[in-house]
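We did not get these values from a lab; they are worked out from the coordinates using the rules stated. Quick caveat, the model's predicted, so the values are computed rather than measured. As a convention, Cβ positions derive from the backbone with ideal geometry for all residues, glycine included, and neighbour counts pool all protein chains shown.
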Amino acid sequence: MAITMLRKKPAVERKELDEKAVDDFLSSSPAPAKKRHEGSSKRKQITLTISETLLAQVDEAAAELGVSRAAYINAAVSTALKNGLTR
């Protein structure tokens, strides 16, 4: 059995933070979720079955608007209820 010495890893070069990029990132992130007390939520989680093709279209549209899938679906349902379903 041979005894070998461990080699030290080379020091990692640290880059300075781009303060503007950090501020932009933080300002674009959602606000932290508020803690909910059981039974006080006005939202209800559901399960939705949707075709893969339609889901891909929803994801693409949500990404273009910079919103989540859930936010996009909520907006679409709200718009349909206010304006009726039209094509």
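Taking R0 as 41 Å, what FRET efficiency do you get between VAL67 and ILE3 from their Cβ-Cβ distance, rounded to the nearest 0.05?
Details: r = 59 Å, r/R0 = 1.44.
With a Förster radius of 41 Å, E is 0.10.
Send over the semi-axes of segment 48-87's equivalent ellipsoid, whole angstrom and largest first, taken as the square roots of 5 times the C-alpha gyration tensor eigenvalues. Walk me through the numbers on the way to the answer.
Details: eigenvalues 59, 34, 17 Å².
For segment 48-87, the semi-axes come out at 17, 13, 9 Å.
Could you give me the ³J(HN,Hα) list for segment 53-60, computed from phi with Karplus coefficients 6.51, -1.76, 1.60 and θ = phi - 60°, whole Hz, x at Gly and Pro?
Result, ordered by residue: 5, 5, 4, 4, 5, 4, 4, 5 Hz.
Can you work out ³J(HN,Hα) from phi for every residue in segment 69-78, in order, using Karplus 6.51 cos²θ - 1.76 cosθ + 1.60 and θ = phi - 60°, giving whole Hz and x for Gly and Pro?
Computed from phi, the couplings for segment 69-78 are 4, 4, 5, 5, 5, 4, 5, 5, 5, 4 Hz.
If you rank ASP23, ASP59 by fewest surrounding Cβ atoms within 10 Å, what's the result?
Details: ASP23 10, ASP59 13.
Result, fewest neighbours first: ASP23, ASP59.
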